[in-house]
Amino acid sequence: MSRFTTDFLIIGSGIAGLTTAIKLAKHFSDKEVLVVTKSSKNESNTKYAQGGVAAVWDADDTFESHINDTLVAGDHMNLKPIVKLVVEEAPSCMRELMEWGAEFDKTKTGDLDLGKEGGHSVNRIIHHKDITGFEIEETLLKQIDQLPNITQLTYHFAIDLITDHHIPNKPWDKNDITCYGAYILNQKNNQIDTYLAAKTILATGGIGQVYASSTNPRIATGDGIAMAYRAKAKIEEMEFVQFHPTALYEPGQSPAFLISEAVRGFGAYLRNKKGERFMLDVDSRGELASRDIVARAIDHELNKSGERCVYLDCRHLDYKAFIAHFPNIHEKCTQLGLQFNRDLIPVVPACHYLCGGVNVDVNGQTSIKQLMALGECSRTGLHGANRLASNSLLEGLVFARQVVKNIIVNANDLKLTTVHIPEWNEEGTTVPEEMVLISHYINTIQHIMSDLVAIVRSNDRLQTALDHLNFIYKDTEKLYEKSKLSPQLCELRNLNAIAYLIVKQSVVRKENKGAYYNLDCL
Ligand code: FAD
Ligand code: SIN
C-alpha cells in the first residue's frame with residue numbers, strides 16, 4: 001500500500017474530467033493534476049456520444065430559444081440561472097474546443113453544419129459526423145499529452161472518498177464534512193493506495209449499467225455518486241432517469257447500440273409494426289418531441305401491441321447525404337444486413353442518461369468541503385426532469401470552466417491536510433472474491449430496475465424493487481466485508497446504492513414530471 005499526494009485529484013477521464021484537468025494545468029502550471037480512470041484512457045460515455053453539442057451558432061438562433069427549449073424539455077424543473085449560464089457560455093466553449101483542434105462538420109459554404117434533435121426548435125447541434133464524442137475525447141487527450149503537469153493513471157479504480165469518517169476518533173458533523181482525497185485500487189498490482197489531494201473532483205459519469213438495457217458502456221456504474229452518497233454528500237433528482245427512444249433492437253447486446261436522435265432530426269419517421277406513424281397522435285412535434293415523450297409513446301405502443309420493437313423509417317431520405325452524416329450508424333446496420341434505403345431499422349428505448357446526481361452549486365461545489373463534481377455524475381439543475389438532447393457534453397464543458405474559476409478565486413484554500421489519514425484497512429478480507437455471486441447480483445439488480453423502475457413506474461412496483469434491493473444490500477455488504485476488493489465487487493456495491501437511490505427518490509415524488517412517470521401519480 002502506498003501513499004501519494006497531489007494538488008488536484010480528478011476521478012474520471014470523460015469530457016468533464018479532461019476539460020477540468022486541462023484548464024487547471026494551464027492556469028496552475030506549478031501544481032500537479034492527477035487524472036485517474038478505471039479503464040483505458042478514453043473509455044467513457046463521452047467517447048460514444050453521437051449527435052453532438054447544442055449551441056446557439058446561427059445568426060437566426062437566439063439564447064432565449066435555446067433556454068426555452070431546455071426548460072420545456074425539463075418540464076420546468078430546471079434552475080433557470082443555470083440554464084441561462086450554460087446556454088450563454090456554449091458558443092465560446094465550442095470555439096475553445098475548435099482552437100484545441102476539434103473538427104466539426106461544415107457545409108459547402110464553410111459554415112458549421114448544424115443538425116437538429118428532439119425538443120430543439122431550430123437546427124443548433126454542432127457535430128462531427130455521428131461520432132462527435134470520439135472527436136472531442138481525442139482532442140482533449142491530445143491537449144493533456146502536451147501538459148507536463150498532468151498525470152493520467154489508467155486502470156485505477158476509485159473505491160471511496162477519504163473524509164472525516166476515516167479519521168479515527170475524529171468527531172464529525174454531517175453538515176461539516178471535508179474530503180481529503182480517495183482510496184484507489186491499482187488494478188495492475190491489486191494494491192489499494194491512499195491519494196491525498198487539496199481538491200478532489202468527481203467526474204465519474206453516468207449510471208446506465210444499473211439497467212439491463214442501456215446505451216452506456218460498462219464503466220457507467222455510478223461509482224462517483226455512490227462514493228459521494230457513502231460520504232454523506234447531498235444526492236438529488238435520481239428519479240429522473242432518461243431513456244433514449246431509439247437504441248438498436250439487438251436482444252442480449254450490452255451496451256445497446258444507439259441510433260442517434262439526429263437521425264430523426266434528419267427526417268426519419270417512427271413506425272409501429274403495422275407501418276403507422278404513431279408519434280403524430282401523441283405530440284404535434286411528432287418524432288422530434290422531447291425524449292421522455294417519445295420513449296413513453298414507444299413503451300405504450302409496445303405494451304399495446306405486444307411487439308418487441310418499433311421501427312425507424314429512413315427510406316425516403318437522401319441516402320448519400322445520410323451516409324455522409326451517419327457513417328458509424330450506417331456501418332453498424334450494414335454489418336447486421338440492414339440497409340437504410342430498403343429496410344426499416346428495429347429500435348427500442350434504453351436507459352441513456354441520469355439527470356440527477358451529486359448536488360452541486362453553480363461552481364461545481366458539493367455539500368462536502370474540498371469535493372467538487374461535474375458532468376453526468378452531478379446534478380446542477382440544468383436538465384430539470386428531462387435533459388434536452390445534446391445539452392450534456394455542453395454541461396461538462398461549461399462546468400469545467402465554473403469549477404476552475406472557483407478554484408482560482410479560492411486558491412488560498414489549496415492545502416493538503418496535516419491530519420494523519422489511515423491506510424485502507426484490509427484486515428480480515430481473506431476470502432477470495434465470489435465472481436458467480438457478484439455477477440448474479442449485478443444481473444439481478446439490472447433486471448429489477450428494468451422490470452420495475454423503468455419508463456413507467458407504480459407504487460407497488462417501487463415497493464417490490466425496494467424489498468429486493470434491501471435483500472441484495474445485506475448480502476452484498478457481507479460479501480464486501482470479507483472479500484479482497486475487486487472492481488466488480490465495488491461496482492456491484494455501487495450499482496446497488498444507485499438503484500436504491502433511484503427507487504427511494506422515486507417513492508417521494510408525488511407528481512409526474514419529465515422522465516418520471518408513475519401510474520399512481522396520474
Ligand atoms: P464520462 O464521459 O462517462 O466519463 C466518466 C469517466 O469516469 C470515465 O473515464 C470512467 O472510466 C471514469 N470512472 C467512473 N468510475 C470510476 C471509478 N470508480 N474510478 C476511476 N474512474 C472512474 N450527450 C450529448 O450532449 N450529446 C450527444 O450526442 C450524446 N450522445 C450520447 C451517446 C451515447 C451512446 C451515450 C452513452 C451518451 C451520449 N450523450 C450525449 C451523453 C454524454 O455522452 C454523457 O453524458 C457525457 O459524455 C458524460 O461525460 P462525463 O465526463 O461526465 O462522464
Ligand atoms: C443522440 O445522438 O441521440 C444522443 C444525444 C444526447 O444524448 O444528447
Classified through the alpha carbon gyration tensor (a ≥ b ≥ c as square roots of its eigenvalues; rounded if a/c is under 1.5, else prolate when a/b is larger than b/c, else oblate), segment 414-522 comes out oblate
Residue-level accessible surface for Val436, protein heavy atoms, 1.4 Å, Å²: 110
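What is the sum of charges around Gly428, taking Lys and Arg as +1, Asp and Glu as -1, for the other residues whose C-beta is under 13 Å from the C-beta of Gly428?
On the way: positive: Lys478, Lys482, Lys484; negative: Glu426, Glu427, Glu481.
Neighbourhood net charge equals 0.
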Contact order relative to length of segment 412-522, as percent, for alpha carbon pairs under 8 angstrom and 6 or more apart: 36
Please report the antiparallel percentage of DSSP beta bridges with both residues in the chain, rounded to the nearest 5. 60
Would you kindly find the accessible area of Arg379, with a 1.4 Å probe and non-protein molecules such as ligands, DNA and RNA excluded, rounding to the nearest 10 Å²? 30
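Does segment 55-185 classify as rounded, prolate or oblate by the C-alpha gyration tensor (a ≥ b ≥ c root eigenvalues; a/c under 1.5 gives rounded; else a/b over b/c gives prolate, otherwise oblate)? Each step should come with its number before you reach the end.
On the way: a/c = 3.14, a/b = 1.58, b/c = 1.99.
Verdict is oblate for segment 55-185.
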Through the Karplus equation 6.51 cos²θ - 1.76 cosθ + 1.60, θ set to phi - 60°, convert the phi angles of segment 435-440 into ³J(HN,Hα) values in whole Hz; use x for Gly and Pro. 4, 5, 5, 4, 6, 4
Run the reach check for Lys320 against lysines, Cα to Cα strictly under 17 Å, same-chain hits fewer than 8 apart removed. What comes back? Lys106, Lys108, Lys129, Lys332
When all protein chains stay in place, what accessible area (Å², nearest 10, 1.4 Å probe) is found for Ser486? 10
For the chain, calculate the relative contact order in percent as a whole number, restricting contacts to Cα pairs under 8 Å that are 6 or more residues apart. 21
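Students sometimes get this wrong: rank Phe471, Phe257, Phe240, Phe63 by accessible area, probe 1.4 Å, all chains present, largest first.
Accessible-area ranking of Phe471, Phe257, Phe240, Phe63, largest first: Phe471, Phe63, Phe257, Phe240.
By how many nm would the segment from Ser305 to Glu481 lengthen if fully extended, with 0.36 nm per residue of separation less the alpha-carbon distance?
Values: separation 176, 0.36 × 176 = 63.36 nm, distance 4.71 nm.
In short, 58.7 nm is gained.
Over segment 102-234, what is the relative contact order in whole percent, taking alpha-carbon pairs under 8 Å and six or more residues apart?
Details: 159 pairs, mean separation 19.3, N = 133.
After rounding, I find 14 percent.
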From the Cα centre of segment 189-228 to that of segment 121-162, the distance in Å is 15
Expressed in angstrom and rounded, the centroid-to-centroid distance over alpha carbons for segment 306-380 and segment 465-517 is 24
Need the list of lysines near Lys84 for cross-linking: C-alpha distance under 19 angstrom, and skip anything on the same chain fewer than eight residues off. Lys405
Taking amide H positions as placed 1.01 Å from N in the peptide plane, with prolines and chain starts having none, which residues 5 or more places from Gln152, or on another chain, fall under 5 Å of its amide H? Val35
Can you list the HN-Hα couplings for segment 342-356, worked out from phi with the Karplus curve (6.51, -1.76, 1.60; θ = phi - 60°), rounded to whole Hz and with x for Gly and Pro? 10, 10, 7, 9, x, 9, 9, x, 9, 4, 10, 7, 9, 7, x
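Taking a threshold of 28 Å on the Cα-Cα distance, which of the pairs Lys23/Lys234; Lys232/Lys482; Lys199/Lys482; Lys47/Lys415 fall above it? Intermediate values should be presented prior to the final figure.
Working: Lys23/Lys234 26 Å; Lys232/Lys482 24 Å; Lys199/Lys482 31 Å; Lys47/Lys415 34 Å.
Over 28 Å Cα-Cα: Lys199/Lys482; Lys47/Lys415.
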Total formal charge among the other residues, if their Cβ is under 12 angstrom from that of Leu393, Lys/Arg +1 and Asp/Glu -1: -2
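On the accessible surface of the chain, probed at 1.4 Å, how many percent belong to carbon and sulfur atoms?
Numbers: 10240 of 20700 Å².
Carbon with sulfur: 49 percent of the solvent-accessible area.
Sort Asp105, Asp113, Asp520 from largest to smallest accessible area, using a 1.4 Å probe on the heavy atoms of the protein chains. Present the calculation step by step, with values, prior to reporting the outcome.
Numbers: Asp105 25, Asp113 50, Asp520 90 Å².
Of Asp105, Asp113, Asp520, the descending order of accessible area is Asp520, Asp113, Asp105.
If you rank Ile144, Ile67 by how much accessible surface each has, with a 1.4 Å probe, what is the order from largest down? It would help to have the intermediate numbers written out before the result.
Working: Ile144 10, Ile67 30 Å².
So the residues, ranked largest to smallest area, are Ile67, Ile144.
Just add up the charged neighbours of Tyr441: K/R +1, D/E -1, any other residue whose Cβ is under 10 Å from the Cβ of Tyr441. Could you put the intermediate results ahead of the total?
Working: positive: Arg493; negative: Glu434, Asp475.
Charge balance in the 10 Å sphere: -1.
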Per q in 0.16, 0.21 1/Å, what log10 I(q)/I(0) does a Debye calculation on the alpha-carbon atoms of segment 117-260 return? -1.15, -1.38
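The values are calculated or read from the model by the stated rules, or taken from the named source; none is laboratory data. Being a predicted model, the structure only gives us computed values, none of them experimental. Positions of Cβ are backbone-derived with ideal geometry, glycine not excepted, and every protein chain shown enters the neighbour counts. Accessible surface areas use protein heavy atoms only, side chains included; no ligands, DNA or RNA. Shrake-Rupley method; radii C 1.70, N 1.55, O 1.52, S 1.80 Å.
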